[in-house]
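As structure tokens, the structure follows; a few thoughts come after it.
The values are calculated or read from the model by the stated rules, or taken from the named source; none is laboratory data. Predicted model, so just to flag it, every value in this text is computed and none were measured. Because the Cβ atoms are built from the backbone with ideal geometry, glycine has one as well, and the counts that use them run over all protein chains shown.
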Amino acid sequence: MNYKEDFPVLNEGIVYFDNGATTLKPKSVIEKINDYYYNYPANTHRGDYKISLKSSDEFEKTRTCVKEFINAKSNKEIIFTSGCTESLSMIIYGYFYNKLNKDDEVLITKSEHASNIVPWFDLENKLGVKVKFIPLNDDYSFNIDNMIKEITDKTKVVSLAEITNVIGDKRDIKKITEICHERGIKVICDAAQSAGHIKIDVQDTDVDFLALSAHKMLGPTGVGILYGKEELLNEIDYGKKGGGTTISFDSKDEIVYKELPYKLEAGTQNIAGVIGFKEAINYINKIGLDNIEKYLLDLKKYLVSKLSKLDNIIIYNKDILGFTVAFNVKGVFAQDTVIYLDKYNICVRGGDHCDKKLKDEIGINNTVRISLYFYNTKEECDKLVDALSRNNILEESLGV
Amino acid sequence: MDNELKRELILDHFNNPINKGLLNDSSYIKEDKSNASCIDHFTIELKLEDNIVKDIRFDGEACAIATSSLSIAISKIIGKKKEEALNIIENYNRMIAHEEYDSSVLEELNIYEDISKQPARVNCALLGINGINDLLKK
């Protein structure tokens, strides 16, 4: 299928391989956002006039759409946030900060995103909990037996990305949750990289909390989802309070909060973004997540087979079934490779990709990351491989 | 200097930078410098004695422009009086910002005169030398 018509920037000669950072937005999402701002730009839930009712209605339609997209039990379990980072912070600071005690153990891995490491380190500093890293396999993928070995009587929570953002390995959240629940351990799923790429079913996996970002799945920036089981969300006590969350507050002892989901959505939300997000989900559903996953796995295989033929390229996640390729050009710093590829209008990312602990495992600080999405093509992969096959990458990157 | 020579000089300083490796000597002052917008990172050590820059050393990981510009700056600044060093740094910053500057004090550092044509490289070209600036003003 040709997606160029739906993604205007693809007609500008750009090859966009930085989808792990953010995806492109289809016209339907942009038009839906404009429609809100042009035609019914009113606040939600607070007006009895027509355009406010319309914005409330569209806003809540997205909630239902998200509920169905991840197969949650009810709309009460879907909280709008500013993004995956805020969702994770609400879970960690709003729930676990109040539940964990000194010496309780948290299990994560060194390939988690900063947003799933730094808050835990903060709890380590503030509460004296212990953050333990589940050892990875030699290819930096997750090892469920290693997780079981790390579990002790003190383990209270396991917090993992479903798909990691550099290596790109997929974790079996259902199996992980089953093992953890047998031992009374809660499970958090960071779905930033998996949402919009593979099917998510929170009832099937039985995960306790899940976080995702709209902008990594065709949606606008500044919108995220916090999913939690209703009884767990009801226990969240997060620092953001006030507008829209209460029924009454006559005194400090008489604060009456609204029910879920509203009691966790303080302040005016990113209404346009939330409304636009629905169109992103519709777009993905039209293609089908099974089709997207299969296409991306094939595309990565194709790209790796081509890149592997180049002597100057070191690939760090060659055999991982995923949608990312992390590599370096021998003798060239990652940022120089990125600047070089930009000369060919190829957008890739260089750095640690917010994964500053992964260097302990792979022994290098910075990589170039290609993260694929369904609008990428084999022709684009060929263009990249052609650019990387030249022998003057560093010289050309200098721009002097 | 023609472009080929400029590239050669940059690559030479990138591949074999001057004074890479820290001494962790208490007679040096030290600073960490990172670019918020990219992945360059340096730790720089400087020894100032009798108002003369006696030594500058560094470690870290950074791109070719950041590493080479720091290496060349180190070679220019060691042995200079503090005021002379600050004058070089000020003129270098002016050059990068496309303001009037005295090219005679910059010598090889003049090779970065067109770096602002690549916006992504501007902070790289300034990171190391402004780290030296911070240390001189401590």
| request: May I ask you to say which residue of A:TYR227, A:TYR302 is outside any loop (DSSP other than H, G, I, E, B), modelled with pLDDT of 95 or more and under 15 Å from A:ILE78 (Cβ atoms)? | output: A:TYR227
| Pairs where the first residue, in the range A:241-256, is under 24 Å from A:ILE271 (Cα atoms) and the second is of a type in the set (Phe, Trp, Tyr) and not in a strand (DSSP E or B), C-beta under 7 Å, 6+ apart | A:GLY244/A:TYR262; A:THR245/A:TYR262
| task | Kindly provide the set of residues from the range B:1-29 that are over 15 Å from the mean Cα position of the chain (by Cα), crowded, with 18+ Cβ neighbours inside 10 Å and either among the hydrophobic types (A, V, I, L, M, F, W, C) or more than 8 Å from chain A (Cβ to nearest Cβ) (or both), ordered by number. | result | B:TYR28
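Could you please find all residues in the range B:33-56 being closer than 26 Å to A:GLY350 by Cβ and either more than 14 Å from every other protein chain (Cβ to nearest Cβ) or touching a Lys or Arg at 6+ places or on another chain (Cβ under 6 Å) (or both)? Don't jump to the end; show me each part of the working.
Step one: of the range B:33-56, the residues closer than 26 Å to A:GLY350 by Cβ are B:33-44.
Of everything in the range B:33-56, those that are closer than 26 Å to A:GLY350 by Cβ and either more than 14 Å from every other protein chain (Cβ to nearest Cβ) or touching a Lys or Arg at 6+ places or on another chain (Cβ under 6 Å) (or both) turn out to be B:LYS33, B:PHE42, B:ILE44.
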| message | Restricting to the range B:95-121, name every residue that is exposed (fewer than 15 other Cβ atoms within 10 Å of the Cβ), away from chain A (no Cβ under 14 Å) and not hydrophobic (A, V, I, L, M, F, W, C). | response | B:HIS98, B:GLU99, B:GLU100, B:ASP102, B:SER103, B:SER104, B:GLU107
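Please go through the range A:282-335 and give me each residue that is closer than 21 Å to A:GLU162 by Cα and of a type in the set (Phe, Trp, Tyr), ordered by number.
Narrowing the range A:282-335 to residues closer than 21 Å to A:GLU162 by Cα: A:284-285, A:288-301, A:316-326.
Matches in the range A:282-335: A:TYR295, A:TYR316, A:PHE323.
Quick one: count up the residues across the range A:363-400 that are assigned to a helix (DSSP H, G or I) and within 14 Å of another protein chain (Cβ to nearest Cβ).
Taking the range A:363-400 and keeping what is assigned to a helix (DSSP H, G or I), we get A:378-388, A:393-397.
Within this subset, residues satisfying the condition of being within 14 Å of another protein chain (Cβ to nearest Cβ) are A:393-397.
The qualifying residues number 5.
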| task | Kindly provide the set of residues from the range B:72-131 that are of a type in the set (Ser, Thr, Tyr) and touching a Lys or Arg at 6+ places or on another chain (Cβ under 7 Å), ordered by number. | result | B:TYR101
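Among the listed residues A:SER194, A:SER159, identify the single one that is under 21 Å from A:LYS130 (Cβ atoms), buried (at least 24 other Cβ atoms within 10 Å of the Cβ) and under 21 Å from the mean Cα position of the chain (by Cα).
A:SER159
Table: residues versus (1) of a type in the set (Asp, Glu); (2) touching a Gly at 6+ places or on another chain (Cβ under 8 Å).
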{"site": "A:LYS186", "(1), (2)": "no, no"}
{"site": "A:ASP190", "(1), (2)": "yes, no"}
{"site": "A:GLY196", "(1), (2)": "no, no"}
{"site": "A:ASP206", "(1), (2)": "yes, no"}
{"site": "A:ALA211", "(1), (2)": "no, yes"}
{"site": "A:MET217", "(1), (2)": "no, yes"}
{"site": "A:VAL223", "(1), (2)": "no, yes"}
{"site": "A:LEU226", "(1), (2)": "no, no"}
| request: Among residues belonging to the range B:57-92 that are surrounded by fewer than 18 Cβ atoms within 10 Å (Cβ to Cβ) and within 14 Å of chain A (Cβ to nearest Cβ), point out the one that is modelled with the lowest pLDDT. | output: B:GLU61
| task | Could you check how many residues of the range A:244-282 are closer than 22 Å to A:THR221 by Cα and either surrounded by fewer than 16 Cβ atoms within 10 Å (Cβ to Cβ) or among the acidic types (Asp, Glu) (or both)? | result | 4
| message | Here is a list: A:ASP352, A:ASP360. Which entry is away from chain B (no Cβ under 14 Å) and within 26 Å of B:ASP40 (Cβ to Cβ)? | response | A:ASP360
| Condition check for A:LYS309: within 11 Å of another protein chain (Cβ to nearest Cβ) and outside any helix (DSSP H, G or I) | no
| query | Within the group A:LYS67, A:LYS50, which residue is closer than 17 Å to A:ALA195 by Cβ, free of Cβ contacts under 8 Å to residues at least 12 places away in the same chain and not assigned by TED's automatic domain parsing to the domain that holds A:ILE370? | reply | A:LYS67
| Selection within the range A:353-397 - closer than 21 Å to B:PHE14 by Cβ and in contact (Cβ under 8 Å) with a residue 24 or more places away in the chain | A:ILE364, A:ASN366, A:THR367, A:VAL368, A:ALA387, A:LEU388, A:ASN391, A:ILE393, A:LEU394, A:GLU396, A:SER397
